[in-house]
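Presented below is the structure to which this report refers.
The values are calculated or read from the model by the stated rules, or taken from the named source; none is laboratory data. Just so it is clear, the structure is predicted and the values come from calculations on it, not from any experiment. Cβ placement follows ideal geometry from the backbone for every residue including glycine, while neighbour counts extend to all protein chains displayed. Note: accessible area is taken over every heavy atom of the protein model, side chains too, but ligands, DNA and RNA are not part of it. Shrake-Rupley method; radii C 1.70, N 1.55, O 1.52, S 1.80 Å.
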Amino acid sequence: MTATHPLKGVILCADDFAIHAGASEGIADLATQGRVSATSAMVLSPRWPQDVALLRPLRGQLDVGLHLDWTSDFALTAGHGLSLKAAMLKALATGFDPIAARLVIDQQLDAFEAHWQAPPDFVDGHQHVQQFDGIRQALVQALSNRYGASSVKPYLRVSRPAPGMTDLKSRIIAAMGANAIEKIAGQARFHCSTALLGIYDFSGPPRRYTQLMNGWLQGAPAGSIIMCHPARQAETGDAIGQARAQEYAYLRSPQFADALAQAEVQLVRGADHLHAPLEVFE
């Protein structure tokens with residue numbers, strides 16, 4: 001008798017829910033088909049209060065989290081937004097003011113809970129701002145105060161590449177605070193994902209994304225997150241609209257199902273699978 005190997009559990013997270021209608025509709029469709037296992041919401045978007053209805057029938061079937069936002073047009077409209085370059089320079093030079101950052105984080109958590117009627121399953125960040133100095137400390141403090149006594153707590157995305165799968169972009173992202181947020185999250189008894197894959201420049205034809213995803217599935221450690229940014233169609237004004245449409249088409253295709261099988265990957269919810277004993281950093 002041939003021994004069977006257990007499937008590797010990986011979280012496939014569709015970022016940017018509610019950024020526009022095409023993204024919300026595409027992500028909800030993929031979730032219904034079992035082709036993603038998590039999504040993170042941009043709650044500053046005016047679409048969040050209405051688009052959340054697309055996710056309600058999927059409650060319990062996928063993780064729904066907060067896509068913490070400092071760098072989108074929505075954040076600029078809200079009054080705290082910065083360009084990504086400005087946010088990175090601020091984090092590196094002085095760090096964000098944790099008191100001011102805490103107010104922004106609590107406002108976004110309030111907006112999430114008001115329409116989802118539950119805490120987030122996880123928190124990540126638009127353009128990885130959850131790791132930036134001053135924001136990461138305020139975020140862990142906010143999560144501790146709001147959910148620290150709960151038996152089921154949100155987990156955190158750590159934007160660190162998997163071993164052997166680094167490039168310049170992923171190294172820069174990790175250097176913005178991957179180790180630091182993992183340390184303070186561990187001290188506060190919050191689980192973190194093991195690695196982040198899915199980082200690329202959003203360029204190239206569909207076959208490039210197919211090749212990239214095949215590599216990510218093969219190289220993803222158990223408990224890691226592969227992020228994606230699908231949309232049912234490209235939307236006017238979306239700088240990565242064509243890439244979103246290509247991702248959606250591939251993730252819905254039989255080729256993606258075949259790639260999962262070949263890589264022996266099972267898409268899982270982090271809320272169900274990130275329960276290993278926590279390493280507490282001193």
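Observations on the model:
- Test: residue in the stretch 227-234 that is over 17 Å from F17 (Cα atoms) and either surrounded by 14 or more Cβ atoms within 10 Å (Cβ to Cβ) or in contact with a Pro (Cβ under 6 Å, 6 or more places away or on another chain) (or both): no
- One residue stands out among those in the stretch 105-117 that are surrounded by fewer than 20 Cβ atoms within 10 Å (Cβ to Cβ) and under 18 Å from the mean Cα position of the chain (by Cα): the one that is nearest to A271 (Cα to Cα), which is E113.
- Criterion violated by Y248 - all others in (1) open to solvent by less than 30 Å² (accessible area, probe 1.4 Å); (2) in contact (Cβ under 8 Å) with a residue 60 or more places away in the chain; (3) out of contact with any Pro (no Cβ under 7 Å at 6 or more places or on another chain) satisfied: (3)
- Evaluated against (1) open to solvent by less than 70 Å² (accessible area, probe 1.4 Å); (2) modelled with pLDDT under 95; (3) closer than 23 Å to L197 by Cα, L168 falls short on exactly one condition, (1).
- Considering only residues in the stretch 18-42 that are open to solvent by 10 Å² or more (accessible area, probe 1.4 Å) and touching a residue at least 60 places away in the same chain (Cβ under 8 Å), the one that is farthest from Q131 (Cα to Cα) turns out to be Q33.
- Neighbours by Cβ (under 7 Å, 6+ apart or cross-chain): first from the stretch 157-171, among the hydroxyl-bearing types (S, T, Y); second outside any loop (DSSP other than H, G, I, E, B): S159/H128; S159/Q131; S159/I173; S159/A174; S159/A178; S159/L196
- Among (1) under 24 Å from A18 (Cβ atoms); (2) at pLDDT below 95, the one test that A101 misses: (2)
- Applying the criterion of at least 3 residues that are closer than 24 Å to L109 by Cα to the helices (runs of 4 or more DSSP H) found wholly in the stretch 142-246 leaves 178-187.
- A single entry from I105, I99 fulfils the requirement of being farther than 26 Å from S170 by Cα and without any contact (Cβ under 8 Å) to a residue 40 or more places away in the chain: I99.
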